[in-house]
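Chemist: I'd like to ask some things about the structure below.
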Amino acid sequence: MSEQQTEQSGRRTERRVVIVGAGMAGVQTAVALREQGFTGPVALIGAEPHQPYDRPPLSKAVLLGTAEGSAFDIDFEELDIELQLGRDVTGVRADAHELDTLAGPVPYDVLVIASGAEPVVLPGSEGVPGVHLLRTLDDAARLRPVLDEKHTVVVVGAGWIGAEFATAARAAGCEVTVVEAADRPLAGVLPAEVAAPMARWYAQSGAELLTGAPVARIEPGSVVLADGRTIAAGAVVVGIGARPATGWLAGSGIALGPDGSVTADAALRTSLPDVYAVGDCASFPSARYGTRLLVHHWDNALQGPRTAAANIIGAGADGASEPLEYDPVPYFWSEQFDRFVQYAGHHGGADTLLWRGDPADPTWSVCWLRDGALVAVLAVGRPRDLAQGRKLIEAGARLDPVRAADPAVPLKSARADAP
């Protein structure tokens, strides 16, 4: 513990907090500490040399060249947040309360792991010319000329990022083919009956979607499928998922789950004292859903840091206050093929699926119930359903399934106890 500790409002505030990861989760942790009154030293370490930036615009405005960047509008100097950018952290020595970096050790009193996620690389694609990922600002910069020059593009993976990139590429006038190993888009994310209507969106946008089409290999200028088909490709964008960026924690004693995530508790504390984890790299137990959640979405990286910051400050008061528990209703959105798709909740364990509207129409929603209570909602072009549904999930509200399935009935009026 730092020798320079002072008492302010009954709380020790001179502990040094070091945050590894300068994305949304790391930045918001630093900001939340200041907003909640922490006055001790705060250092934010980022592997990239760029000023900390937001990621969602990378697959939209930044990629299309309608925005030069997406740096956070935060005055780190005014907030007295020390930025250490372009610095890779290679390990943690918890007994010494130090991080290992190529530039030397970094001491901490409290460590926050916010290292995010890294894209899954298609085996055999490393080093092949014309193969791209889309995760960082540099990735987007390398892809902008591809769109500007209207290359023929093959996208590997019909998940959220694949759909968003295909949307941008079509808007730029590229010829686009999306290949997906599963039999539908968003396999493993949404049930087949919900994902199936989304397959039509590709053709409607002018993109070709090939499902049941695993990739055998990528060669310069082409993608070879497992069935022998060869697709010409001026560029290939791989979007087959992401995994927690936690390899640097090997040997640290910080517990990781089978998925590689830091297994935080409900207060976002890790298995070691004075170490917290937030954002894409951390899973947490949800009492609401009775399972451990790993959420790779923007809202989780925004909300979790507020809880972590409060618990860091509370722990500084000799543990006098009860820790806050983090149990959100997960939320994310995706803009694709001229549609605004939103999702709130967690439909694992649901026993009832209700449609609100016809999925062949431009707008529709899906509700998932468990024992009559709303647990998740997917809204396509129906933001009111999403907003009302999210509040109902937070309240644990039970719905009348007949009224909930009527798209003309406001979702908030479909409560089982509604008059």
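Chemist: Pop out the ³J(HN,Hα) list for region 406-413 in order, Karplus 6.51 cos²θ - 1.76 cosθ + 1.60 with θ = phi - 60°, rounded to Hz; leave Gly and Pro as x.
Modeler: Values, residue by residue: 9, x, 7, 8, x, 4, 5, 8 Hz.
Chemist: Using the Karplus curve 6.51 cos²θ - 1.76 cosθ + 1.60 with θ = phi - 60°, what ³J(HN,Hα) values do you get for each residue of region 202-209, in whole Hz, with x for Gly and Pro?
Modeler: The phi angles translate into 4, 5, 4, 8, x, 8, 9, 10 Hz.
Chemist: Quick one: which residues, 5+ away or cross-chain, put their amide H under 5 Å from the amide H of Arg217? H built at 1.01 Å from N.
Modeler: Result for Arg217 returns Val224.
Chemist: Still on this model: Pop out the Kirkwood hydrodynamic radius of region 194-313 from its pairwise C-alpha distances, inverse of mean 1/r, in Å to one decimal.
Modeler: About 17.8 Å for region 194-313.
Chemist: Calculate the dipole size of region 347-419 relative to its Cα centre from +1 charges on Lys and Arg beta carbons and -1 charges on Asp and Glu beta carbons; express the result in debye to the nearest 20.
Modeler: 240
Chemist: Under 5 Å between amide H atoms, partner at least 5 residues away or on a different chain: which partners does Leu210 have, H built in plane at 1.01 Å?
Modeler: Val178, Val179, Glu180
Chemist: Let me ask another. Send over the Kirkwood Rh of region 250-347, from the inverse of the averaged 1/r over different Cα pairs, rounded to one decimal Å.
Modeler: 14.4
Chemist: While we're here: At a Förster radius of 22 Å, what calculated FRET efficiency corresponds to the Cβ-Cβ distance of Leu324 and Asp259, to the nearest 0.05?
Modeler: 0.35
Chemist: Something else now. Can you work out the base-10 log of I(q)/I(0) for region 94-143 at q = 0.16, 0.22, 0.25, 0.31 1/Å, using the Debye formula on its C-alpha atoms alone?
Modeler: -0.72, -0.86, -0.96, -1.23
Chemist: List the relative contact order of region 229-281 as a percent without decimals, with contacts defined as Cα pairs under 8 Å and 6+ residues apart.
Modeler: Reported relative contact order: 28 percent.
Chemist: Next up: Looking at the chain as a GNM with Cα springs under 10 Å, which of Val402, Val121, Val42 has the largest mean-square fluctuation?
Modeler: Ranking Val402, Val121, Val42 by mean-square fluctuation puts Val402 first.
Chemist: Once phi is turned into ³J(HN,Hα) by the Karplus curve 6.51 cos²θ - 1.76 cosθ + 1.60 with θ = phi - 60°, what whole-Hz value does each residue of region 34-50 show in order, with x for glycine and proline?
Modeler: Per-residue couplings from phi come out as 5, 4, 8, x, 6, 10, x, x, 10, 10, 10, 9, x, 6, 7, x, 6 Hz.
Chemist: Also, quick follow-up: So if a site counts as exposed when it's one of the GluC sites (Glu not before Pro), its DSSP state isn't H, G, I, E or B, and it has at most 16 other Cβ atoms within 10 Å, what's the longest stretch of the chain without one?
Modeler: 150-324
Chemist: Given a cut-off of under 8 Å on Cα pairs at least six residues apart, what relative contact order in percent is computed for region 285-381?
Modeler: Answer for region 285-381 is 20 percent.
Chemist: With springs only between Cα atoms under 10 Å apart, run a GNM on the chain and tell me which of Ala169, Ala404, Ala22 wobbles the most.
Modeler: For the chain, modelled as a Gaussian network with Cα springs under 10 Å, the answer is Ala404.
Chemist: Also, quick follow-up: For Cα pairs less than 8 Å apart in space and 6+ apart in sequence, what is the mean separation divided by the residue count of the chain, i.e. the relative contact order in percent?
Modeler: Relative contact order for the chain comes out at 13 percent.
Chemist: Using r as the Cβ-Cβ distance of Glu149 and Ala226, and R0 as 30 Å, what FRET efficiency do you calculate, to the nearest 0.05?
Modeler: 0.55
Chemist: Quick one: which residues, 5+ away or cross-chain, put their amide H under 5 Å from the amide H of Leu44? H built at 1.01 Å from N.
Modeler: Ile19, Glu82, Leu83, Gln84
Chemist: Next question, about the same structure. Which number comes out as Rg/Rh for the chain once both Rg and the Kirkwood Rh are worked out on C-alpha atoms?
Modeler: Radius of gyration over Kirkwood radius for the chain works out to 0.99.
No value in this document is a laboratory result; all are computed from the given coordinates. If you're wondering where the values come from, they're calculated on a predicted model, not measured in any experiment. With ideal geometry, Cβ positions are generated from the backbone for all residues, glycine too; neighbour counts draw on all protein chains shown.
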